[in-house]
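Heads up: the structure comes next, in structure tokens.
The values are calculated or read from the model by the stated rules, or taken from the named source; none is laboratory data. These numbers were taken from a predicted model, which means no experiment stands behind them. As a convention, Cβ positions derive from the backbone with ideal geometry for all residues, glycine included, and neighbour counts pool all protein chains shown.
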Amino acid sequence: MSDMNLSDILQLIQDVRSGLESWGITARGLWVAGGIAFLLFTLSLREVMSWFLRVHQVRQEVRTLRSEMVVLQQTVEELRDLLRTRASEEVALNEAEEKMEAQKVATPGPQRFRFDH
């Protein structure tokens, strides 16, 4: 087929035209078939673009969700660290208060004069 020249191509086109005429297909019928084919091609192209754009939108949403998830994980870690720090501070404060209470009980206060004797 690589050694076809222009005259062979023109002869092939004439053969196809005569074959179409023998089947009863007119030039008007070819135009209608071409128009329908173009319409169907346009609709299919539209569907492919719509699908591509939906996939692209979902991909963008997934990227956004991943970045939000990273920020959320960092926030949870910071909150966890803050709670651990507060809990250890409260434990230390409670221990200090207990020691102070124990010291108050262990050391009696100054003797007061009793009025009931």
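Observations on the model:
- Matching residues, the range 8-40, being modelled with pLDDT under 90 and of a type in the set (Gly, Ala, Ser): Ser18, Gly19, Ser22, Gly24, Ala27, Gly29
- So Glu98, is it at pLDDT 95 or above and either at negative phi or in a helix (DSSP H, G or I) (or both): no
- Residue in the range 58-80 that is modelled with pLDDT under 85 and surrounded by 10 or more Cβ atoms within 10 Å (Cβ to Cβ) present: no
- Test result for Asp81, assigned to a helix (DSSP H, G or I) and more than 23 Å from the chain's Cα centre (by Cα): yes
- Residue in the range 59-73 that is charged (D, E, K, R) and more than 27 Å from the chain's Cα centre (by Cα) present: no
- All positions within the range 5-31 that are surrounded by fewer than 10 Cβ atoms within 10 Å (Cβ to Cβ), at negative phi and outside any helix (DSSP H, G or I): Asn5, Trp23
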